[in-house]
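One structure is given below, encoded as structure tokens.
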Amino acid sequence: MPPGVRPFSAAVSVGGAALIWLALLGPVITLLTHLSWHAVGSALSYPGALDPLVTSVEAGGVTLAVLVCVCTPLAWMLARGRLPFQRVWEAGVLCSLLLPPLVIGLLLVFMVGPYTAIGGLLGHLNLSATNTFLALVIAEVYESAPYYVVGAQAAFSAVDPRLEQQAELLGDRPRRVFRRVTLPLASPGLAMALAVAWARAMGAFGAVIIVAYHPYGLPLQIYTTLEQTGLPTALPYALVLLVVALPLPLAAYVWSARAQGRRRG
Amino acid sequence: MSGAPVLKADVEVDRRDFTVRAAIAVAPGERLALFGPSGAGKTTLLEVIAGLVLPRSGTVELAGRILTQTSKPRVAVPPWQRRVGLLRQDPGLFPHLSVRANLTYARTASHRSGIGTGPAAGAAGAELTEVADALGIGSLLAAMPARLSGGQQHRAALARLLLAHCDALLLDEPYSGLDAALRRTLTALVVRLVTQRNVPAILVAHELADAQAFATRLAVIDHGQLLQTGPPDRVVLRPASVRVAELTGYLGFAAVPGKPGMVAGIHPDRVLGGAEPDRGLVLTGPVATSRPAGAGWEADILLPGAQPPGSVVTVRLADRPGADGSEVTVTAIDAPLFSADGLALADTSAPRRAAGVHKLAFEGIGEGNGR
């Protein structure tokens, strides 16, 4: 290879990567350049302007709690092949991943709406899964759960089962092995799965607009503002959404990178 | 005595292609090597003893405790209550824990393996230092496993097992990925520690040299069947069948002149150049090919009586043999003899008589060749 070709091709690949990276960041850059800080201040100083933010964070938090409690065991069993007809289970998770959120919303109306068996049951408990906080959480869970399950399954699969065997042979019963070996080893991957699920929950729109138009979360606030008063007034809420949704994934990323670094010593 | 850590296993385990059947007993301080080709069922046997695989039928017993029993009353002690240590080719250190936390893992486990045999909490720290120093990893306790070399990781894994005070040690080709010198050092270390701790130990090996370096007793296993058990030198010099001979390195078989149906196993290392009729079976034939091997030469000889007919007998010689096609005469020292059905003619359970039988046989051969 003639001298000079290598630096040239390296420069080309770095340049290409930078271009792609900038293109991906394009919307964020546009958001920042089109915002006037004055507009942000006035939009957010309305009384009750921050209510959608509170609603979104609360619903997102509850959604994550539900995912961790319900979907983590499922992901672990999928990763360890503990279920009969493994492929059927996996295909089921993929199905819910492939359904467009809007369709999920429509189907949720038929599933948990007021005139269904589940809806009736909820009614007996004085609950409703239509236009309530509960409905918002249900919609967010359905939109984010498959992402969490797939990510968590990959995280658990990456843990060598022989390490778990070794821990058992050293005298730990399975539950303790899970706590002392499986969970710490899977946690960077689990954190990333959780971060993705959080981002999905924060941005959940398609299912939410059908089953939980009220109470407003941030995405719906953006949509209704856009409809009522136009593009520029919606942008501040987009910034809020970004600012609120980003810290958790970032923290998860930094934390999992540090955990990997610690392992390398 | 119920407390003596004797390890007994008499089991049948179904595998996809065949059933593993074996009955073994290992005394305290005894080192048994399970030797056989890859896929013979050796690892399966270890996993049954460790409780990771359940046998179709049979029992496993350790130190008077029944660990597995398929007849009623059924017993299946879970791995965490077995006090059996398993070392595999991958040292299996927990990557998220420091070397120190790895070594003390068992002490903080829900079923402390060291109950009764382990030191009190106060002495535990002293024991940790002692074992780590003895294995040469005393200065690495604060490091993460990823920082350790392969040999150091294996030392740490061994230390972890010792500190767990297991009643039996199972070694599944632990050092087969390492270079020869390191393998020797680590094997010698394990041998010393097994003797010190006086626990039964089983090594699985598919290299005869590894098995010999470790074992006081050798068990040859092939296709799930235990073919022969005995002192390593005896199994190698007096294989019970043609199959055992093949597995232990006999690279050729030749009909014995004047003894129809009788076949001698020729081990390449147990051959002398030239005719020495009073030392063994004298064989003559043309050299098919030869090549340098170590400090000597390896030659394939076409023997008229080779079994199966037309096959070559491989021997190693100190001197370079003649050109291909030239006649060469060698003496196979004290070659084991087999009948047509592939079984050894010597009775392996009665060594003295067996030796007598062989002497007679060889006298006959010697005369035959002398004429």
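Where a number appears in this text, it was derived from the coordinates with a stated rule and is not lab data. Keep in mind the model is a prediction, meaning the values are calculated, not measured. Backbone-built Cβ (ideal geometry, glycine too); neighbour counts: all protein chains shown.
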*For the protein assembly as shown, size of Cβ-based charge dipole, Lys and Arg +1, Asp and Glu -1, in debye*: 1240
_Please report the spacing between the Cα centers of region A:101-125 and region B:166-204 in Å, no decimals._
63
*q = 0.09, 0.12, 0.19 Å⁻¹: log10 I(q)/I(0) that the Debye formula gives for region B:34-185, counting C-alpha atoms only*: -0.32, -0.57, -1.21
_Candidates B:Tyr175, B:Tyr105, B:Tyr250, ranked by Gaussian network fluctuation over chain B, Cα under 10 Å, top entry_ = B:Tyr105
*Of B:Leu86, B:Ala22, B:Ala101, which is farthest along the charge dipole of region B:13-138 in the positive direction, counting Lys and Arg as +1 and Asp and Glu as -1 at C-beta?*
B:Ala22
*asked:* So, R0 is 25 Å and r is the distance between the beta-carbons of A:Leu44 and A:Leu24; what FRET efficiency does that work out to, to 0.05?
replied: 0.35
_Report the number of Lys pairs in the protein assembly as shown whose alpha-carbons are under 29 Å apart, with separation of 8 or more residues or on distinct chains._
4
*For region B:131-140, take each phi angle, set θ = phi - 60°, evaluate the Karplus expression 6.51 cos²θ - 1.76 cosθ + 1.60, and give the result in whole Hz per residue in order, putting x for glycine and proline.*
5, 4, 5, 4, 9, x, 10, x, 8, 10
*What residue among A:Val88, B:Cys166, A:Leu19 has its Cα farthest toward the positive end of the dipole of the protein assembly as shown, where the charges are +1 on Lys, Arg and -1 on Asp, Glu, each on the Cβ?*
B:Cys166
*Please give, to one decimal in nm, the separation of the simple spin-label points placed at A:Leu97 and A:Arg6, each 7 Å out from Cα toward the Cβ.*
4.0
*Could you point to the residue in B:Ile221, B:Leu140, B:Thr284 farthest towards the positive end of chain B's charge dipole, with +1 and -1 charges on the Cβ of Lys/Arg and Asp/Glu respectively?*
B:Leu140
_Extension gain (nm, one decimal) between A:Val243 and A:Ser13, 0.36 nm per residue minus Cα-Cα_ = 79.7 nm
*What distance in nm separates the simple spin-label points at A:Ser36 and B:Ser326, each placed 7 Å from Cα in the Cβ direction?*
10.4
_Amide proton proximity set for B:Leu303, modelled H, under 5 Å, gap of 5+_ = B:Val313
*asked:* Counting only helical runs of four or more DSSP H residues, what would the 222 nm mean residue ellipticity of the protein assembly as shown come to if each run contributes -39,500 (n - 2.57) and the total is spread over all its residues?
replied: -15500 deg cm²/dmol
